[in-house]
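The values are calculated or read from the model by the stated rules, or taken from the named source; none is laboratory data. This one's a predicted model, so the numbers in the text were calculated from it and none came from an experiment. Glycine also receives a Cβ, built like all others from the backbone with ideal geometry; neighbour counts cover every protein chain displayed.
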C-alpha cells in the first residue's frame, strides 16, 4: 500500500468515526472532522511529540482544536493513537450524559484534551499562552527539559472573533516561533460561504502582525507536512492556510454549510462510505489502519523516555524545582511571606488603596514565588501589578516575570488560561474592573476548566471618581459572583489584601478575582499572624459594645465606612457590630451553623457595598437593608459621588435606625 | 496672518482649553487633545458637515472620538464652534458632578457628542454602525436626503482591542466608503512606547481587511486634509495613520506616557504656553482665534438649509416616512401586527421553540416595520432572526433588512449601537445567549446610552442540550439582569414572545434582550388581544383551584414546567397558582402594592428557572424555595439534563411540599 493510500485510510478512519458518532448521537458537527482529517492525520502521525500512555508528560507538544465543535476529530485521534480513556464505547456515547466525549472538548473531562474549546477564538488565544509558558520555562530550565511546540487548528469563526487579533498581535510581537496555527480554510460558515460576511485576507493580516505565513492544499499530506516543517525554521509564529473542503467525501454535502452541524443521515453516510471506499461498518477500524494509528501513537514513547533521562540527569536542585513548578506546589517561605506582608502593613499604618496594598504584597511574594507571572493590560502603573523585583518579558528575553499584554484584556485572559493549563507558572493579570466585561468569556472558561489564574481588577467602584460611568463598575461584582467556580475576593485593607493573595494562590481549583480600590482605605486590621481571617469569607471585624442590635455587612472600601457608621450608631446607644465579607463564595461554602454564627442575631441587618444589591440577599436575607447603587455612576471626584449616591456612614446609620424603628 | 499660523492658533486653542480644564479638575488626559489638535482642527474647520445650532440635523457628518479619554478635545471643539451647551463655564467644570463635560464623552449628557466612548475599541465599531445606517437609509431615501460621512479618531488602544478587527472586517467587507478612520499614531501607550506590546503594522492590517490606507504627518494640516479628501474618492473605507506627538508642545512631557493621563502641573503648563507662544490666560481664547472657530462652526448652516429645502421638496410620502423613521415613531399597523402574530400562534397551537415563535412574529412584523434591521452573528438558521420577507444587505446593495454579521458578536453589538444612535433604523441581532459575554461591553454601553437595540439571544439554558457547558447559559440571566437599564425578557410561549417583541420595540429608552429557547415549548396563552400581559413583568398565568397554598414563579421554558407541577400539586389537593415572570425589570418598576398583588399571599413560594438563583430573591424573597442550577451544565440531550439537574415538575412539586411541611 502506498504511503498516500495509508494516509488516506488513516484520515478516513477519523472521518468515519466522526460521521458514525454524530449519527449515533443524532447531534454534532461532522463537517470539520471530515474536512480537517488530513491535517490531523499529518500532525498526529508525522509531527506531534506526544505519548498516549503519559497524557500529561510535561514536554509534550500541545495541540489545541480551537474550532471545538469539531470535537469528534480530536476524540477520533485520541482513540486511534491509544489514549486509554477514549474507548470505542465512549465514542459511541458521544454527547451523552457522563460520557468522556462531550459535545465540545473539555480538558477537565477527557485526558489528552489540552483545553476546553467551543467559544470561538478562545483556543487560539489560549494556545498563545501555552507557547508563552513554554518560552518562559525554557528560559528558566533550559531546552533539555523544556522544548516543545504548540499547534492550533482553527476555523473561519475563530478568525472572525476579535480575540484572534489580540492573540495574533501578542504572538507576533513576542516572536512565539514555536507556535503554529493551521487554518481550516474551508470558506464555509453557518450562514453559507464566508464571502457573505468577510473579505479579509487572513494571510496578509497575520503577516501584518509579524507571523510567517503559508498556504497549502489541506488535503495534500506532503504539502501540509512541508509547511509545518518549514515553520520550525522560522523565528516567528507561523500561520498556515490549509485550503479544505468541509464535509470532504460526502457526495451531496461536501463544500456546503449543510454538513457543518447536523448528522449526514443514513443515506448520505452510505454514499460517503462508497465515495471514499470505506468498507468498514460503523465504529469499525480495519486492522491495517488501526495498526498505523497505533504506530503513530507509539512514536513518542522514545522521546518521552529520552526526556525522562535528561530530567533524571539534571542537577538535583533544578530537577526538584522543575517538578515543584509543574506540580503546582507552593514554595517554602510562601506563608512566611504572607505574614511578612501583613506585618509590614501593620507597622506602616496609614491609608492605602488596596491596589497599592496589593503591590506591597507582590513586592514580598514575587521574589519568593518564581512561578508568578504577572502582567497588565497596559495599566501597569494603575493596577500596581508589577513588583519591584519583576523584570518585563520581552520578545528576546523570557526570563522576566511580568507581561505587558497591551490593551487586550480578552487575549490576555485567554492566554493566562493557556499559561495555567501548561503548568509551571501561576499567571496573574491587571486590568480595570469594569473591563472584566471585555474578558468575561475567558474568565468563564477558566472557571469551567478550573484553571488557577488570578485576575487583579482595580478601580472597583464609583470610588475611581472622575473617569465616570464608562469606567465605574456597578454591576460587575454581581456579574462576577454569578460565574460558578469563580472566587471573588474584595479585601478591605492591606491585611485583607495579603490574605486575599494567599487565598487566590492556594486556590488551585479555579480562577480568582481580586477586586481592589483606586482610592485610599484606612488600615482596619492590626493582626499580622498566620491566621487568615478572610478565608472564612466573612468574619466580625468590629464587635458591638453589648448585645448587638445592628449588624453591618460590607466588603472592600465599604468596610471602613461601616466601621464609621458603627461609631455613629454606638454614639447613639445602639450596640452595633461590623462583619467584613471579603468573599461570598468562601462564606457560602461554610456550614449553615458557621454562617449563622457570623451573621449573628441582631434584629437589624444592613449591607453596604458601592454596587448593586444583587447577590447580597443570599448572605443577609431579603429583609436586610442595603446601602449601595441602583444605577450607573457619574463623573466627579470620588467623595462627591459617594455623597451623591448616598453611600456614607450617615446614610448607613440612618438605614439601620429606620429598620430599628420598624422592628 | 498665514493660513498655517491661523491653523496653529486654532489648534492651540484646543490644546490650552484641554490643558487648563485638566489642570482645574486636577484630573484628566491632556496628551491626546494636545497631540491630535491638528487633526481635529482640520476636520472641524475644513472637512466636517455640521451645524452647531442643530446638533441633531439628520444629514450631518458624524464624528466619533473613539479614544474617549481625550474628551477635552471634543469639548474644546464643541465650545469653539458654538455648540451652546458647552460653555466656558462647563469646560471649567470638567469632570465635576452634574457638569456637561464628564470625564469621557457621554452623548446622553452633552449635545454634539455622537456616542459615549471610553471603553476602547467601542467608538470605531459604533461608527461602523453609523456608516451602515447611512448606507441603508440612503438606499431607501436617496442621496438628496441622506448623504453624509462618518469620521473616527482612534488611538493605539482602540486598535489593540479585538473589537477593532471585527469592526475593520465588517467595514471592509461592506465597502463602507463613507467611513474614514484617523489613527492618532503617537506610539505611546500607558506602559510606555507601544513597542513594549505590539509590532502590528496597522496599515497592512487594515489593507488586509479591504481598506484604503494612507500615512501622514499628523501635525501637517494640508497633508491631513489631502488624505481625508482622497478618502472621499475611494470605494473602500479609509484608514489614515496620522503620525503625532502625544502632548505636543509640552517641553518636558511631549512624546512620553507621562502626559497621557495626568495634569501637566503649573510649571509645565507655563512652559508649554511659552513653547507654543500662547499668550492667553487659562480658559481665554484670543478674539482672532475665536472668530476663526466661529466661522468654522457657521460653515455648515448653508448645507443644512439646502438640505432642509431638499427635504421640503421631497414627495410628501417620502418626507413623512423619513421624518417618522428619524423620530423613531412606530408605523401604523404595528399593534395590529402584534395581535395578528398572537392570533396566528393561538390558531396554530402546538409546541414551538420560542426562537421559532420569534421568527413567526418577525415574519409578520418585518413587512410592517421597514426600520427593523435584523441580523445574526453567523447563526441565522439557529437564531431564526431572518424574516421571510427580509433580504440580506450586501456590499453592493444596502436595501435589504438583514445583516450577516459574521462570528463577531462584539462588533455586531457595537455597530447596532451606532445604527440606533444614527436614527432611522431599529437594529436587532441574533446570537447564542452564552455568547452575550462576548458583546457585554457593547450591551452595557447601550444601556448607559439608552439606545434602542434589541438582542435576540437564543439557546438560553441547558435546554440546548448536547453542545454542553461551553454553550449553556447558567449565570447569564443574572448577569444581564444586573446591567442597569437593560430590559431582559424571557417569554414562555409564542404569545408571550409576540408581547416581548412589542415591549422591546416600544422601549425607546434602552436596549432589550429577548431570551429564547432552543427547545419546543407548549402554547400556554390562548388570548390574542391587544392587552399585553407581559408588560406587567409578571402575572398569574394559571390560578389556584382555591385559596392558594403554593405560588410557583417561573420564566420562559420553565413556565410550562411550573404549570405541570401545579397539576401534580393540585392532584394532591394543594391549591397552586403559577405566575409567569417574563421580565424582572418591568415587574420591579411596578408599585409595591401592584407587586404584592401578583406575588400573592400563598404561604409557600417556589421559583423555577434553569439558571442560578441570583436575582430571584428580589422578586420572591429569600424565604422562597428555588429550583434551578448551581453549577455549569453538561453535554447531553436536553431532557436528560433537566432530569440530571433536578429541574422537573416532580422536583418543583417536591420543593413546594417540603416547604409546606415546614410552614
### Query
From the set of residues in the range B:88-114 that are assigned to a helix (DSSP H, G or I) and free of Cβ contacts under 8 Å to residues at least 40 places away in the same chain, which is nearest to the other protein chains (Cβ to nearest Cβ)?
B:90
### Query
Here are B:34, B:72: which of them is over 20 Å from residue B:148 (Cβ atoms) and within 25 Å of the chain's Cα centre (by Cα)?
B:72
#### Entry: Residue list for the range A:115-135, filter: buried (at least 24 other Cβ atoms within 10 Å of the Cβ) and away from every other protein chain (no Cβ under 14 Å)
A:127, A:129, A:130, A:131, A:133, A:134
### Query
Any residue in the range A:443-456 that is more than 9 Å from chain B (Cβ to nearest Cβ), closer than 29 Å to residue A:641 by Cα, in contact (Cβ under 8 Å) with a residue 60 or more places away in the chain and part of a helix (DSSP H, G or I)?
no
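Which is without any contact (Cβ under 8 Å) to a residue 24 or more places away in the chain and over 20 Å from residue B:513 (Cα atoms), of B:302, B:290, B:314, B:343?
Result of the check over B:302, B:290, B:314, B:343: B:302.
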### Task
Quick one: residue A:85 ticks every box in (1) farther than 26 Å from residue A:416 by Cα; (2) in a helix (DSSP H, G or I); (3) out of contact with any strand residue (DSSP E or B) (no Cβ under 6 Å at 6 or more places or on another chain) except a single one, so which number is it?
(2)
### Query
Which condition number does residue A:157 fail, the rest of (1) touching a helix residue (DSSP H, G or I) at 6+ places or on another chain (Cβ under 8 Å); (2) under 30 Å from residue A:194 (Cα atoms); (3) within 12 Å of chain B (Cβ to nearest Cβ) being met?
(1)
### Task
Looking for whichever is surrounded by 13 or more Cβ atoms within 10 Å (Cβ to Cβ), in a loop (DSSP other than H, G, I, E, B) and out of contact with any helix residue (DSSP H, G or I) (no Cβ under 7 Å at 6 or more places or on another chain) here; the options are B:321, B:284. Which one fits?
B:284
### Summary
Residues of the range A:482-498 being more than 7 Å from every other protein chain (Cβ to nearest Cβ) and buried (at least 24 other Cβ atoms within 10 Å of the Cβ), in sequence order, are A:487, A:488, A:489, A:490, A:491, A:492, A:493, A:494, A:495, A:496, A:497, A:498
### Query
Pick from B:663, B:634: which is under 26 Å from residue B:459 (Cα atoms) and touching a residue at least 40 places away in the same chain (Cβ under 8 Å)?
B:634
### Query
Which ones in the range A:358-408 are facing another protein chain (nearest Cβ under 8 Å) and either in contact with a strand residue (DSSP E or B) (Cβ under 8 Å, 6 or more places away or on another chain) or modelled with pLDDT under 95 (or both)?
A:376, A:378, A:379, A:380, A:382, A:392, A:404, A:405, A:406, A:407
### Task
Being within 30 Å of residue A:138 (Cα to Cα) and in a helix (DSSP H, G or I) narrows it down to one of A:330, A:362, so name that one.
A:362
### Message
Taking the criterion of being modelled with pLDDT of 95 or more, more than 11 Å from chain B (Cβ to nearest Cβ), out of contact with any helix residue (DSSP H, G or I) (no Cβ under 7 Å at 6 or more places or on another chain) and surrounded by fewer than 24 Cβ atoms within 10 Å (Cβ to Cβ), would at least one residue in the range A:67-80 satisfy it?
### Response
no
### Query
Can you find even one residue in the range B:411-429 that is within 9 Å of chain A (Cβ to nearest Cβ) and either touching a residue at least 12 places away in the same chain (Cβ under 8 Å) or outside any helix (DSSP H, G or I) (or both)?
yes
### Which numbered condition residue A:21 fails, given (1) more than 14 Å from chain B (Cβ to nearest Cβ); (2) crowded, with 24+ Cβ neighbours inside 10 Å; (3) over 24 Å from the mean Cα position of the chain (by Cα); (4) part of a helix (DSSP H, G or I)
(1)
### Residue among A:227, A:171, A:208, A:241 that alone is away from every other protein chain (no Cβ under 13 Å) and crowded, with 20+ Cβ neighbours inside 10 Å
A:227
### Task
Output yes when any residue across the range B:120-131 is modelled with pLDDT of 95 or more, in a loop (DSSP other than H, G, I, E, B) and closer than 21 Å to residue A:161 by Cα, and no when none is.
yes
### Odd one out for residue B:521, checked against (1) more than 14 Å from chain A (Cβ to nearest Cβ); (2) touching a residue at least 60 places away in the same chain (Cβ under 8 Å); (3) more than 23 Å from the chain's Cα centre (by Cα); (4) surrounded by fewer than 24 Cβ atoms within 10 Å (Cβ to Cβ)
(4)
### Task
Among residues belonging to the range A:183-193 that are at the interface with chain B (Cβ under 10 Å from one of its Cβ atoms) and within 29 Å of the chain's Cα centre (by Cα), point out the one that is surrounded by the most Cβ atoms within 10 Å (Cβ to Cβ).
A:189
### Query
When residue A:570 is evaluated against the numbered criteria (1) more than 14 Å from chain B (Cβ to nearest Cβ); (2) part of a loop (DSSP other than H, G, I, E, B); (3) surrounded by fewer than 21 Cβ atoms within 10 Å (Cβ to Cβ), which criterion, by number, is the only one it fails?
(2)
### Message
Looking at residue A:308 and the list (1) under 21 Å from residue A:66 (Cα atoms); (2) not in a loop (DSSP other than H, G, I, E, B), which single condition is not satisfied?
### Response
(1)
### Task
Kindly list the number of the only condition in (1) assigned to a loop (DSSP other than H, G, I, E, B); (2) closer than 16 Å to residue B:337 by Cβ that fails for residue B:501.
(1)
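Could you tell me whether residue B:147 is more than 8 Å from chain A (Cβ to nearest Cβ), touching a residue at least 12 places away in the same chain (Cβ under 8 Å) and farther than 26 Å from residue B:373 by Cβ?
On the way: more than 8 Å from chain A (Cβ to nearest Cβ): yes; touching a residue at least 12 places away in the same chain (Cβ under 8 Å): yes; farther than 26 Å from residue B:373 by Cβ: no.
The answer is no for residue B:147.
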## Note on the structure
Among (1) within 26 Å of residue A:148 (Cβ to Cβ); (2) part of a helix (DSSP H, G or I), residue A:57 falls short only on (2)
#### Entry: Complete set of residues in the range A:464-480 that are in contact with a strand residue (DSSP E or B) (Cβ under 9 Å, 6 or more places away or on another chain) and more than 7 Å from every other protein chain (Cβ to nearest Cβ)
A:464, A:473, A:476, A:477, A:480
#### Entry: Within the range B:573-655, helices (runs of 4 or more DSSP H) holding 2 or more residues that are within 12 Å of chain A (Cβ to nearest Cβ) and over 23 Å from residue B:354 (Cα atoms)
B:617-620
